[in-house]
1. Can you find, within the range 101-111, the residue that is farthest from residue 123 (Cα to Cα) among those that are touching a helix residue (DSSP H, G or I) at 6+ places or on another chain (Cβ under 6 Å) and part of a loop (DSSP other than H, G, I, E, B)?
2. Conditions first: (1) in a strand (DSSP E or B); (2) farther than 17 Å from residue 92 by Cβ. Residue 137 passes all but one, so which condition is the exception?
3. Might you let me know whether the range 184-198 holds any residue that is in contact (Cβ under 8 Å) with a residue 24 or more places away in the chain, within 26 Å of residue 86 (Cα to Cα) and in contact with a strand residue (DSSP E or B) (Cβ under 6 Å, 6 or more places away or on another chain)?
4. So which residues in the range 165-189 are part of a loop (DSSP other than H, G, I, E, B) and either in contact with a helix residue (DSSP H, G or I) (Cβ under 6 Å, 6 or more places away or on another chain) or at pLDDT below 90 (or both), if there are any at all?
5. Testing residue 113 on (1) more than 25 Å from the chain's Cα centre (by Cα); (2) modelled with pLDDT under 95, one condition comes back false. Which one is that?
6. How many residues, within the range 109-130, are farther than 12 Å from residue 169 by Cβ and buried (at least 21 other Cβ atoms within 10 Å of the Cβ)?
7. Taking into account only those residues within the range 78-96 that are touching a helix residue (DSSP H, G or I) at 6+ places or on another chain (Cβ under 9 Å) and part of a strand (DSSP E or B), which is modelled with the lowest pLDDT?
8. Need the failing condition index for residue 143 against (1) surrounded by fewer than 20 Cβ atoms within 10 Å (Cβ to Cβ); (2) out of contact with any helix residue (DSSP H, G or I) (no Cβ under 8 Å at 6 or more places or on another chain); (3) outside any loop (DSSP other than H, G, I, E, B), just the number.
């Protein structure tokens with residue numbers, strides 16, 4: 001029995017001696033990996049710090065002057081922002097819609113892309129004042145202020161409707177320095193099509 005116990009003790013001691021060696025070898029490999037990772041991490045951190053130092057933001061932190069992005073290779077690359085280019089439109093179209101209740105003026109380029117618009121209701125006129133000649137003049141003044149950045153000079157005018165603001169709008173456009181190449185009336189005229197509304201009793 002004593003011999004058996006001695007044999008067991010020797011085997012357990014051998015196992016104990018073997019196991020720490022294996023763990024030590026494993027620990028060494030783990031340490032090697034962590035060191036390499038540390039080196040790469042330090043490099044990336046240095047690159048990031050350098051990039052941030054180069055492209056520091058002017059003023060507030062919310063509006064950076066130059067943005068920095070990471071490439072697939074891991075290097076930091078400067079992204080260039082697209083600058084907004086203001087297009088210049090020399091010739092355009094003016095659409096005036098004069099109804100009994102409102103006056104709308106829209107300025108567009110020759111392809112029909114809207115540059116600016118306004119109406120008497122948009123400017124704050126209410127009720128019967130919306131259809132007045134004064135309101136139509138104010139609408140044109142508001143539109144011309146919005147279009148100044150495009151450098152618009154020549155206009156083809158299209159008038160629609162029989163409201164009191166149509167003539168005032170055209171006159172104000174001419175006074176503001178626009179060259180009116182053409183004035184065309186596009187008021188729809190029925191050829192005995194739909195039945196008209198009953199006359200209003202006032």
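1. The extreme case among them is 101.
2. (1)
3. Checked the range 184-198: no residue is in contact (Cβ under 8 Å) with a residue 24 or more places away in the chain, within 26 Å of residue 86 (Cα to Cα) and in contact with a strand residue (DSSP E or B) (Cβ under 6 Å, 6 or more places away or on another chain).
4. Within the range 165-189, 165, 176, 177 meet the criteria.
5. Of everything listed in (1) more than 25 Å from the chain's Cα centre (by Cα); (2) modelled with pLDDT under 95, residue 113 misses just condition (1).
6. The qualifying residues number 1.
7. Here the residue is 78.
8. (1)
The values are calculated or read from the model by the stated rules, or taken from the named source; none is laboratory data. Please read all numbers here as calculations on a predicted model, not as lab measurements. Every residue, glycine among them, receives a Cβ derived from its backbone with ideal geometry; neighbour counts consider all protein chains shown.
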